[in-house]
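Novice: Quick one: the structure is below, and I'll ask about it shortly.
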Amino acid sequence: MEKSKEKDTRSCLERLLPAGKQRYKEKLLDIQGNDPYKIPAKSWSTDPENFPDIESVGIFSYFVLNVSYYTSEQFRAYRSLAAYKTFVAGWVRDIKTYKPGGCENIVVTAKVLHSQKLNEASLTPWLIASADGSKIESAHCTCTAGVGETCSHVGALAFALESFTQARERTTCTGVSNCWKVPQGIKGVLPTPTYNIDFTSAKSKKTRLQQFIADDTAVRTIDHTQKAVKQTTPPTAEELSGLFQKLQTNCEKQNLKAPSCVKVSPEFCKMYRCLIPASLCTLRDSKCVGMALGELQEHCRSLSDPLLSISAEETAVPERATRDQAKSAVWFAGRVGRKTASKLYSACATNPTKPAVSLIQSICYPKQKMFKTEATEWGCQKEEKALTVYMQTT
Ligand SMILES: [Zn+2]
């Protein structure tokens, strides 16, 4: 682990241009030349008591008023001030500090997730501040904009420290447990049902966090996933019925499909019941397996299933539902067990005591045994065009 860290640091430094390297070394002079990426893990402190008291004025002073080493102009990195969004979203974690002995400054680092690529390795910004937190001296980050010293990851780290400062200022000697209300960093993002996802804006989260910090009675760490659940009274049966009636009337007026809640409501379910006859395969009876032909014919004659006597009115529904033919699942389901026109000749010609297996298969499993040749495929492709031409010429 230690080795890979060293390797990463070297490659990070190697990527710096000469001016960047010089500036990097100059920044390190504020912490006695220690490179934050090379400080051993055991030397860092994770105790929030040691975090510098960064305040919002210090953040503004650094990101806006500070002068860039490279351009000799003020940073004016107003966009970095929006980095609080990264912080309130929980993308900052593992904040730790290191203060060299006798040094007036302290270095703070953290892991910050990419806001748009959460599965990628986190970034490691660091910032050097005066030990009392009154001034941010310099910063750096492993992201591509990190050399510029004002990237959003440095900003997010600064805002995390500012929230700790606020929380600490509110702490009394009897309220130590109130101290750490700052949201804990999220390590990764797992799939979760939509109703558990907090879509609150970053601005609202920030306001909520500040209110939470200001509330001396709150002791738990704020949980952004806990939303205030609005208490509502369930509708009465009459209210629901009125709602379904309105929906149904409006759908009819505007020629729209009725929503599912209407279709399953006691008032309207009969209107929407499925009028497509069930497939003939529902007539299958395992007792008939192995029956002699005569016995089987007798059994078939004894059936008085409504499936076998479909009225003219009832045929209209499946006809409408199967106009897409081979593109329609209902079309295939309806053909199961039926001798369609193209099969009629073969059905009449085959020996009923020993029918052709391929014929039985094509009747009982029409989808699996769908007849297809190059010619029929060509016909299917051109069918629509042919219909249009036919309609234009007649
Ligand atoms: Zn960065």
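The values are calculated or read from the model by the stated rules, or taken from the named source; none is laboratory data. For clarity, every value in this text was computed on a predicted model and none was experimentally measured. FYI the Cβ positions are ideal-geometry reconstructions off the backbone, even for glycines, and counts take in every protein chain you see.
Novice: Do you know which residues across the range 73-105 are surrounded by fewer than 16 Cβ atoms within 10 Å (Cβ to Cβ) and not in a strand (DSSP E or B)? Talk me through it step by step, then tell me what you get.
Specialist: Taking the range 73-105 as the starting set, the residues that turn out to be surrounded by fewer than 16 Cβ atoms within 10 Å (Cβ to Cβ) are 73-74, 76, 78-79, 82, 94, 101-104.
Of everything in the range 73-105, those that are surrounded by fewer than 16 Cβ atoms within 10 Å (Cβ to Cβ) and not in a strand (DSSP E or B) turn out to be Glu73, Arg76, Tyr78, Arg79, Ala82, Gly101, Gly102, Cys103, Glu104.
Novice: Considering each residue of the range 136-147, count those that are more than 9 Å from the ligand (Cβ to nearest atom), out of contact with any Phe, Trp or Tyr (no Cβ under 7 Å at 6 or more places or on another chain) and of a type outside the set (D, E, K, R), and give that number.
Specialist: Here the count works out to 2.
Novice: A further question on this structure: Suppose we keep only residues that are part of a helix (DSSP H, G or I), free of Cβ contacts under 8 Å to residues at least 40 places away in the same chain and in contact with a strand residue (DSSP E or B) (Cβ under 8 Å, 6 or more places away or on another chain) within the range 47-72. Which one would you say is surrounded by the most Cβ atoms within 10 Å (Cβ to Cβ)?
Specialist: Selected residue: Val64.
Novice: What are the pairs with Cβ atoms under 6 angstrom where one residue, in the range 138-149, is assigned to a strand (DSSP E or B) and the other, located anywhere, is among the small types (Gly, Ala, Ser) and modelled with pLDDT under 85? Sequence gap at least six, or different chains.
Specialist: From the range 138-149, the pairs are His140/Gly146.
Novice: I'd like the residue in the range 148-166 that is among the aliphatic types (A, V, I, L, M) and near the ligand (Cβ under 10 Å from one of its atoms) and, out of all such residues, is surrounded by the most Cβ atoms within 10 Å (Cβ to Cβ). Explain how you work it out, then say what you get.
Specialist: Step one: list which residues in the range 148-166 are among the aliphatic types (A, V, I, L, M), which gives 154, 156-158, 160-161.
After this cut, where a residue has to be near the ligand (Cβ under 10 Å from one of its atoms) as well, the list is 154, 156-157.
Working: Val154: 31, Ala156: 28, Leu157: 29.
Of everything passing the filter in the range 148-166, Val154 is surrounded by the most Cβ atoms within 10 Å (Cβ to Cβ).
Novice: A further question follows. I need the full set of residues from the range 255-281 which are within 22 Å of Ser309 (Cα to Cα) and surrounded by 12 or more Cβ atoms within 10 Å (Cβ to Cβ), in order please.
Specialist: Across the range 255-281, the qualifying residues are Tyr272, Leu275, Ile276, Pro277, Ala278, Ser279, Leu280.
Novice: Quick check on Ser80: is it among the polar types (S, T, N, Q), out of contact with any His (no Cβ under 6 Å at 6 or more places or on another chain) and at pLDDT below 85? Full working, then the answer.
Specialist: Values: among the polar types (S, T, N, Q): yes; out of contact with any His (no Cβ under 6 Å at 6 or more places or on another chain): yes; at pLDDT below 85: yes.
Considered against the rule, which asks whether it is among the polar types (S, T, N, Q), out of contact with any His (no Cβ under 6 Å at 6 or more places or on another chain) and at pLDDT below 85, Ser80 comes out as yes.
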